[in-house]
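Colleague: Please see the structure below; I have some questions.
The values are calculated or read from the model by the stated rules, or taken from the named source; none is laboratory data. None of these values were measured; they are calculated from a predicted model. We place every Cβ from the backbone using ideal geometry, glycine too, and count neighbours over all the protein chains shown. To get the accessible areas, we keep the full protein, side chains included, count just its heavy atoms, and leave off ligands, DNA and RNA. Shrake-Rupley method; radii C 1.70, N 1.55, O 1.52, S 1.80 Å.
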Amino acid sequence: MVWVGEYYIESSGINAEYGGGAFNGQIIIWDLSRTEDIEVCVSKNVEDGHHEPVTKLCWQTTAKSNHLLSLGMDGKILKWEVKLSRYQDPELTLIQGFVITGSYIPRDHPAAPSSRTADIGGTAMSFSTEDDSTFVVGTESGLVLKCSTLSTELPLNKGIKIQFRSPITLVYNSHNGPVYDMDFSPAHRNLFLTASTDGTIRLYNTLQPKPFQVLEPVSGYVFGVQWSPSRPLVFAAATANGSLLIYDLKKSRVGPILQIPVNQTKSPCYSLAFNTRSDTMCTGDSKGTVKVWKLSQGLSAQVRNETKMLERIAASSYE
């Protein structure tokens, strides 16, 4: 995941396909396996498409289908079918739509919009690694929402060719500022992390409205957060003061075990990503610099009973 110029870019992770979300709401698909004409699809003139910046893309790729889900500042969550073939014209088809609207937020919620009909801009999204119909969304107003693509809510009076529904199934306690990133645990179906401009990282159980752990690592924004794909108790965060923070819940539940400056000028670190195929990770900062970091064996090799430790941490959320 990275912002490049006017595009938010996300790799499909399996093929050589990349999706891009533009400031004007367009979705672009690139196929890097091609030697020329790598831009193969653009969502031009889609009446029900995004009309404000796209803030997040999530791929759902299987042997039988290739889907891309997009989140925008217009409050829409759109599901696209991507068909790429060397023998047919590529296709990018909008097949499902949801919208985050104020009428589904409890009136007494601290982050509830003043207008019940207002659409709420989405800023972060993450899908469950065990149930691809379940996902969480963070908003510019600090809302943290559990959602489902299997929503049975009545259609909203929105949309031209598709019926928009509300995906919201649970409203969590909110952040005090925009939610910039969130990530489901790859080792536990009910745990997810959030990062916000209120300077906190929060750990939620999907079944409980309140976060059961709130970390305040720095006096400033936290832009990114991600679980390690190989160590269930390890996650990392990117901060506005240019730090890469590494947490290991086996060693500490209250603070990072490592704080690494990603540059010498304390320029904001906007994004990070673990490599799922090696013991490395990368960061991207406001200077446009991408750095690759080598992780020690202690941060990349799973330790004994680590998954059980995570399960105990999750169980503590019910206390």
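Colleague: Determine which lysines satisfy two conditions relative to K250: a Cα distance under 16 Å, and not lying fewer than 8 residues away in the same chain.
Modeller: K308
Colleague: Quick one: length gained pulling E319 to T307 fully straight, 0.36 nm per residue minus the C-alpha distance?
Modeller: Once the chain is fully extended between E319 and T307, it gains 2.4 nm.
Colleague: While we're on this one: Hey, how many Å between the Cα centroid of segment 276-314 and the Cα centroid of segment 41-61?
Modeller: For segment 276-314 versus segment 41-61, the Cα centre distance is 30 Å.
Colleague: Further, regarding this structure: What pairs in K56/K210; K251/K294; K210/K294; K64/K161; K44/K291; K44/K158 have C-alpha atoms more than 28 Å from each other? Walk me through the numbers on the way to the answer.
Modeller: Numbers: K56/K210 24 Å; K251/K294 20 Å; K210/K294 35 Å; K64/K161 25 Å; K44/K291 34 Å; K44/K158 20 Å.
Violating the 28 Å Cα-Cα cut-off are K210/K294; K44/K291.
Colleague: Which value, in debye to the nearest 20, describes the size of the charge dipole of the chain about its Cα centre when Lys and Arg Cβ atoms bear +1, Asp and Glu Cβ atoms bear -1, and nothing else is charged? Mind dumping the intermediate values first?
Modeller: Numbers: 29 positive and 31 negative charges, 179 e Å.
Once rounded to the nearest 20, the dipole reads 860 debye.
Colleague: What whole-number value in Å² describes the accessible area per residue of the chain for a 1.4 Å probe? Each step should come with its number before you reach the end.
Modeller: On the way: 15230 Å² over 319 residues.
Per-residue value: 48 Å².
Colleague: Within the chain, what whole-number % of the accessible surface is contributed by carbon and sulfur, with the 1.4 Å probe and all protein chains included in the calculation?
Modeller: Values: 7210 of 15230 Å².
Roughly 47 percent, rounded to a whole number.
Colleague: If you build a Gaussian network model of the chain, linking Cα atoms that sit under 10 Å apart, which residue out of I77, I260, I27 swings the most?
Modeller: Evaluated over the chain, the most mobile residue of the options is I260.
Colleague: Okay, moving on. Assuming R0 = 41 Å, can you tell me the calculated FRET efficiency for the pair V42 and I257, based on Cβ-Cβ distance, to the nearest 0.05?
Modeller: On the way: r = 44 Å, r/R0 = 1.08.
Step by step, r from the Cβ atoms, then E = 0.40.
Colleague: If each residue of separation counts as 0.36 nm, what is the full-extension length gain between I160 and D89 once their alpha-carbon separation is subtracted?
Modeller: Values: separation 71, 0.36 × 71 = 25.56 nm, distance 2.52 nm.
Extra length available between I160 and D89 comes to 23.0 nm.
Colleague: OK, next. Mind checking which of G72, G20, G220 has the largest fluctuation in a GNM of the chain, springs on alpha carbons under 10 Å?
Modeller: G220
Colleague: Here is a follow-up. Under a straight-distance cross-link criterion of Cα-Cα below 12 Å, which aspartates and glutamates are reachable from K287, leaving out those fewer than 8 residues away in the same chain?
Modeller: none
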